[in-house]
Every structure is written in structure tokens, then in C-alpha cells.
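Participant: This is the structure, below, for whatever I ask next.
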Amino acid sequence: MSELPSLSFVPVNLDAIKDAGGHIVVFLPESGKLDQLARRVNRLTRGALERFAESTSFARMKDGEARSLSFPTGLAAEEILVVRLDRRIRGDAARKAGASIGKHLRGASVLLLAGAMKGLPDIVLGALLRAYAFERHQTESSDDKNKGAGALTVMTTQPDALAAEGEIVTALAEGVWFTRDLVNEPSNVLTTVEFAERLLEMQQLGLKVQVLDEPELEKLGMRTLLAVGQGSESPSKVVVMEWNGGGKEAPFALIGKGVCFDTGGISLKPAGGMEDMTMDMGGAGTVAGVMRALALRKAKANVVGLVGLVENMPDGRAQRPGDVVRSMKGDTVEVINTDAEGRLVLCDVMWYAQERFKPSGMIDLATLTGAMVIALGHENAGIFSNDDSLAQAFLESAELEGEGAWRMPLGPGYAKQLKSRVADVKNVGGRPAGSITAAEFLHRFVKDETPWIHIDIAGVASLSTDSLYAPKGATGWGVLALNRLINDRYEG
Ligand code: BES
Ligand code: MN
Ligand code: ZN
């Protein structure tokens, strides 16, 4: 995976500032008052910082914003990055400030003059998240990579206390980066086989990883999942990742849609924009990123992640509109539209997860419907749930992590739209409420006793513009919220 910048915390040493190369970050509060470290930078630059603090340019800056002073006299550094931030800041504002630093972190060495600054873990997390770039297929930039991944050094009054928190922050950032790498990867590279291999590598982190291949899936009766993949040269797979950091309790289950490419199948999608369907494995990518973060930070919880990896292709062997297929649960499905394939993959994996693990709760994530993008755009993922307490807990986690999430309804009236003439259920419910009927399809495969959330991430998994914490492309939406949910609800 892409390599994170290295992170270290060092004690305050005023004499090290003059000769530090790369970029130096200085914090200035609204008042413009310089702390000890800023005063040293000011003295070395013969008053440049003080002049900046008194300028209208500084007065116009918002909290968390950064301005660059290039090639300052008196310093070896090529840039001073002045970040306007109050010393007591934490949480959201601190993370945002971190993001403006992160943009400068690509392959560079950055010295953060933090001193007694609070909220450093959040600042660092924001910086690491925003330092991401997906450049492995760009020949020019990969030459640049001789520069390395970059290094972030934090000069602080509390280097030892922060080191442990730094490890957690690094674990979270690595989880998010892992998801983004998977989601950004083109589909000729990230085939079902390659995806499974990248997950198997996580055994090194202490995860138990098992790959179920087509003959085993056939034996288990996962016919709706297999039907989606039967037109592809890439074999369908289900990968099970177990993190057992808790006690004897049943695990919490995370399920991901891993459609490595979605052409629509015989119900072929139009050509325009079809290339975006490389991200149709975003649910599986998110599950993988969460499992990675949990393993890296050695979470004290039992969590199992299951992903259904398939490719939806038109072919002589592909399933047809009108086919009737039996799911692992036993319900028969009339496939009206082969482009509504995600639910056919998820229903078998969800059923299998419940049969095998009897989970204490289950969350599935999927780039499931275009209708979700119409409903909520790119600001919020849609949350559908049979359990108010779990749904509420997730919404709070998402809010605290700044990941937009909005609850949508379920109901038997919507489920009725899925009545089939020839089978137990059909896979589409018509145009009205397309995201909700998709959720109702999945609901049918949730046991009454299983608290469950379905998250439709079609609008948030990948964006065509830069966002606060990511360059255009994959966002890694959900990794932080799910990590927090598990931490708050199952580790205390
Ligand atoms: N993967 C798509 C949904 C999607 C669309 C995700 C746009 C991200 C951005 C899904 O498999 C799909 O094709 N859904 C159909 C369902 C329809 C046939 C009922 C859709 O939304 O058009
Ligand atoms: Mn589709
Ligand atoms: Zn799809």
C-alpha cells in the first residue's frame, strides 16, 4: 500500500530550528501572540513572523488556515507554514488545521513547532489523512518517489505522552489509506484475485484471514453471489477477516460489497461514466480499512469482516434478466435487472455471516444505488436500520468523525415493491425510493434477532473534487466512524 509519512515526537530544542530543512510549521493564535518557539523563528528571521502577525493578511485568516512564507532568511528551511490556531483547540478545528499542513507533507520533511499546543493527535491525524496521494500509476511522480513518503516531526513539551497516541493515529490513518488505495485502484489491477491477496497479507498484522473460493461458495449455496460473477473471467470469492481482541463474546460483523467492476452485466450500463464503477468495491474497501486499523491498534473487541468479491460482466455465461436464482437463505430471487447486483452479493454474505458467527450486530456497506446519490448527494451516506440504538450510536460516531450520515426509512410498504410474479422476491422495486427498496431487499436476509445497519455509500466513497481530508478520488469514508463505534460500544 502507499507508504505513510513517518511520524515522530521530539522534545523542545530551540537550537534545532535554525538548521532544520524542509518545511517548518508555526502556530499563531488569533491574538498574534508568539510562543517560545515562534519567538525563536521570529528572531532567526529578523522579525518576519511578527510582521506577518500584524498584517491584514493574517487578520483575514480563518482558524485552521495556513499561509506560506517561502525561503525565509535566517533559516535552512525552504518554507515557514504559519497556521492560525488557538493553543487550546481540539477535535474538529484541530483536525482541519492538520489538513492544511498535510497538503505540504507529500514527500517532504515537516517540523511542527507545537510546544504546549493541545489537540496534537487530531492535528496529526488531519495532516496524515490529507497527505495521501494516489500516484503509483503516474510515471513522473513515481520517479519523484525517490523523495520518499515524507516525515512529520512534532516538537512538543510532551513527546513521551504523545508517542502512544501517535501510534493510534497512525493506525487510523493507515486504515483510511488502505481503503483509498483499494478504491482508487483500476479494475484491471484490483481483480477479485488481487483483492483477496491484499487481504491475505493482513495476516501479518495478526488478523485471521480465510478466502472462500467458488467450489466452497457453491457448496454453501451462495447462488445469488455466484450468479453475479458467472460472466467474469475473475473468480468470485468471499474473504473472511477475523480480529479477536476481545473476550469470549460474539463478534460484531462488518460486511462489504466488493464488486471489482460493475458493467451492469447484460443490463449493460451506458458508456458515459462507466469508468467510475472501478469504485464499486468501496464497501469491501471500507471493511478492509477498518479491519486493518483495528489490528494495527490492537483493538480490544471481536470483529469479523466479510467481503463478497465479484465482477459483473456481460458474457455468454452471464446471468440474464428474468433468471430465477436461489439464495443461501433459501429464498428465490427473480433477477429483473442484472445491474442491481450488489444486493445479490450482499444477501448471501450477510446470511453466511449470521449463520456462522451469530454476530452481536451487523453493518453492511455498499455503493448500492445511484438513487442514493440523487437523494443525499455527496454530503451524506444513507443509513438504514432495524435497531434505533445501534443506528443512533453510529450516527453519533459519524458526526464526531465529521463523516456525513443521514438516516433513511424502512417499511413494509416499500418491501411490497419487491413482490415477484414467479419467485419469492425480485431484485428491483422500480424507480420510486430506489435506495430504500434496495435496503428492504437486504432486510429480508437479516434475522430478527440481529441488530443491523445498511450503509449506502454510493455518493461518498469517491468524489470528483478534493475534499477536506482527501484529494479527488477515494475518501475512505466510514473507516473512522466504524472504528469509533467499535471503540465506544464494544471496547469499554
Ligand atoms: N453500483 C451501482 C450503484 C452506483 C451508482 C454506485 C452510481 C455509485 C455511483 C449499482 O450496482 C447499480 O447499478 N444500481 C442500479 C440499481 C437499479 C438497476 C435498480 C442503479 O442505481 O441504477
Ligand atoms: Mn450495478
Ligand atoms: Zn454495483
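The values are calculated or read from the model by the stated rules, or taken from the named source; none is laboratory data. This structure is a prediction, so every number in the text was calculated from the model and none was measured. Cβ coordinates were reconstructed from backbone atoms using ideal geometry, including for glycine residues, and neighbour counts include every protein chain displayed. With ligands, DNA and RNA removed, areas are computed over all heavy atoms of the protein, side chains included. Shrake-Rupley method; radii C 1.70, N 1.55, O 1.52, S 1.80 Å.
Participant: Could you tell me whether any residue of the stretch 79-87 is on the phi < 0 side of the Ramachandran plot, part of a helix (DSSP H, G or I) and without any contact (Cβ under 8 Å) to a residue 60 or more places away in the chain?
Facilitator: For the stretch 79-87, residues on the phi < 0 side of the Ramachandran plot, part of a helix (DSSP H, G or I) and without any contact (Cβ under 8 Å) to a residue 60 or more places away in the chain: absent.
Participant: Same structure, new question: Which residues, taken from the stretch 250-263, are crowded, with 24+ Cβ neighbours inside 10 Å and away from ligand 1 (no atom under 11 Å from the Cβ)?
Facilitator: Across the stretch 250-263, the qualifying residues are PHE252, ALA253, LEU254, ILE255, GLY256, GLY258, CYS260.
Participant: Quick check, is LYS329 among the charged types (D, E, K, R) and on the phi > 0 side of the Ramachandran plot?
Facilitator: Spelling it out, it is not the case that LYS329 is among the charged types (D, E, K, R) and on the phi > 0 side of the Ramachandran plot.
Participant: For the stretch 150-168, enumerate the residues that are open to solvent by less than 10 Å² (accessible area, probe 1.4 Å) and either β-branched (Val, Ile, Thr) or free of Cβ contacts under 8 Å to residues at least 24 places away in the same chain (or both).
Facilitator: Within the stretch 150-168, VAL154, THR156 meet the criteria.
Participant: Then there's this: Taking LEU200 as the residue in question, decide whether it is open to solvent by 50 Å² or more (accessible area, probe 1.4 Å) and within 16 Å of ligand 3 (Cβ to nearest atom).
Facilitator: When the stated conditions are applied, LEU200 does not pass them.
Participant: Please name all residue pairs, on different chains or six or more residues apart, with Cβ atoms under 6 Å, provided the first residue is in the stretch 468-485 and is over 15 Å from GLY102 (Cα atoms) and in contact (Cβ under 8 Å) with a residue 60 or more places away in the chain and the second residue is buried (at least 20 other Cβ atoms within 10 Å of the Cβ) and of a type in the set (Phe, Trp, Tyr).
Facilitator: From the stretch 468-485, the pairs are LEU485/PHE394.
Participant: Return yes when GLY231 is crowded, with 20+ Cβ neighbours inside 10 Å, assigned to a loop (DSSP other than H, G, I, E, B) and either at pLDDT 95 or above or within 15 Å of ligand 1 (Cβ to nearest atom) (or both) and no when it is not.
Facilitator: Spelling it out, GLY231 is indeed crowded, with 20+ Cβ neighbours inside 10 Å, assigned to a loop (DSSP other than H, G, I, E, B) and either at pLDDT 95 or above or within 15 Å of ligand 1 (Cβ to nearest atom) (or both).
Participant: Could you grab me the full set of residues in the stretch 361-372 that are part of a strand (DSSP E or B) and buried (at least 24 other Cβ atoms within 10 Å of the Cβ)?
Facilitator: Within the stretch 361-372, MET362, ILE363, ASP364, LEU365, ALA366 qualify.
Participant: Moving on. Examine the stretch 268-276 for a residue that is of a type in the set (Asp, Glu) and out of contact with any helix residue (DSSP H, G or I) (no Cβ under 6 Å at 6 or more places or on another chain), and state whether such a residue exists.
Facilitator: Checking the stretch 268-276: at least one residue is of a type in the set (Asp, Glu) and out of contact with any helix residue (DSSP H, G or I) (no Cβ under 6 Å at 6 or more places or on another chain).
Participant: Is it fair to say GLY247 is over 17 Å from the mean Cα position of the chain (by Cα), surrounded by fewer than 18 Cβ atoms within 10 Å (Cβ to Cβ) and either more than 17 Å from GLU185 (Cβ to Cβ) or outside the structural domain of ASP213 (by TED's automatic domain parsing) (or both)?
Facilitator: Against the criterion (over 17 Å from the mean Cα position of the chain (by Cα), surrounded by fewer than 18 Cβ atoms within 10 Å (Cβ to Cβ) and either more than 17 Å from GLU185 (Cβ to Cβ) or outside the structural domain of ASP213 (by TED's automatic domain parsing) (or both)), GLY247 qualifies.
Participant: On to the next question. Filtering the stretch 118-149 down to residues that are farther than 23 Å from GLU167 by Cα and either small (Gly, Ala, Ser) or touching a His at 6+ places or on another chain (Cβ under 8 Å) (or both), which residue is modelled with the lowest pLDDT?
Facilitator: SER142
Participant: Of VAL324, VAL345, VAL303, which residue is away from ligand 2 (no atom under 16 Å from the Cβ), in the same structural domain as THR278 (by TED's automatic domain parsing), surrounded by 21 or more Cβ atoms within 10 Å (Cβ to Cβ) and among the hydrophobic types (A, V, I, L, M, F, W, C)?
Facilitator: Going through VAL324, VAL345, VAL303 in turn, the sole match is VAL303.
Participant: I've got another one for you. Among the residues of the stretch 48-67, which ones are surrounded by 13 or more Cβ atoms within 10 Å (Cβ to Cβ), out of contact with any Phe, Trp or Tyr (no Cβ under 9 Å at 6 or more places or on another chain) and not in a helix (DSSP H, G or I)?
Facilitator: Result: SER55, MET61, ASP63, GLY64, GLU65, ALA66.
Participant: Scan the stretch 1-19 residue by residue and report those that are farther than 22 Å from GLU167 by Cα, open to solvent by 20 Å² or more (accessible area, probe 1.4 Å) and touching a residue at least 24 places away in the same chain (Cβ under 8 Å).
Facilitator: Selection gives ASN13, LEU14, ALA16, LYS18, ASP19.
Participant: To continue, here is another question. Across the stretch 68-83, what is the total count of residues that are more than 17 Å from VAL110 (Cα to Cα) and crowded, with 20+ Cβ neighbours inside 10 Å?
Facilitator: 0
Participant: Which of the following residues is touching a helix residue (DSSP H, G or I) at 6+ places or on another chain (Cβ under 7 Å) and outside the structural domain of MET202 (by TED's automatic domain parsing): LEU34, LEU44?
Facilitator: LEU34
Participant: While we're on this one: Checking the structure you have, find out if any residue of the stretch 39-46 is more than 38 Å from the chain's Cα centre (by Cα), under 28 Å from GLU165 (Cα atoms) and open to solvent by less than 90 Å² (accessible area, probe 1.4 Å).
Facilitator: Yes, there is a match, as at least one residue in the stretch 39-46 is more than 38 Å from the chain's Cα centre (by Cα), under 28 Å from GLU165 (Cα atoms) and open to solvent by less than 90 Å² (accessible area, probe 1.4 Å).
Participant: Can you tell me how many residues within the stretch 340-387 are closer than 16 Å to HIS454 by Cβ and more than 10 Å from ligand 1 (Cβ to nearest atom)?
Facilitator: Residues in the stretch 340-387 being closer than 16 Å to HIS454 by Cβ and more than 10 Å from ligand 1 (Cβ to nearest atom): 24 in total.
Participant: OK, next. In the stretch 264-278, what residues are open to solvent by 10 Å² or more (accessible area, probe 1.4 Å), touching a strand residue (DSSP E or B) at 6+ places or on another chain (Cβ under 9 Å) and within 10 Å of ligand 2 (Cβ to nearest atom)?
Facilitator: If the condition is that a residue be open to solvent by 10 Å² or more (accessible area, probe 1.4 Å), touching a strand residue (DSSP E or B) at 6+ places or on another chain (Cβ under 9 Å) and within 10 Å of ligand 2 (Cβ to nearest atom), then LYS269, MET277 are the ones that fit.
Participant: Assess whether ALA375 counts as being closer than 18 Å to TRP477 by Cβ, open to solvent by 10 Å² or more (accessible area, probe 1.4 Å) and not in a loop (DSSP other than H, G, I, E, B).
Facilitator: For ALA375, the condition - closer than 18 Å to TRP477 by Cβ, open to solvent by 10 Å² or more (accessible area, probe 1.4 Å) and not in a loop (DSSP other than H, G, I, E, B) - is met.
Participant: Please tell me if THR278 is away from ligand 3 (no atom under 13 Å from the Cβ) and of a type in the set (S, T, N, Q).
Facilitator: No: the conditions fail for THR278.
Participant: Under 7 Å between Cβ atoms, which residue pairs at least 6 apart in sequence (or on different chains) link something in the stretch 258-280 that is over 20 Å from LEU306 (Cα atoms) with a partner that is outside any loop (DSSP other than H, G, I, E, B) and more than 10 Å from ligand 3 (Cβ to nearest atom)?
Facilitator: Note: pairs meeting the criteria are THR263/MET274.
Participant: From the list VAL193, VAL209, which residue is more than 30 Å from VAL41 (Cα to Cα) and open to solvent by 20 Å² or more (accessible area, probe 1.4 Å)?
Facilitator: Just a single option satisfies the conditions, and that option is VAL193.
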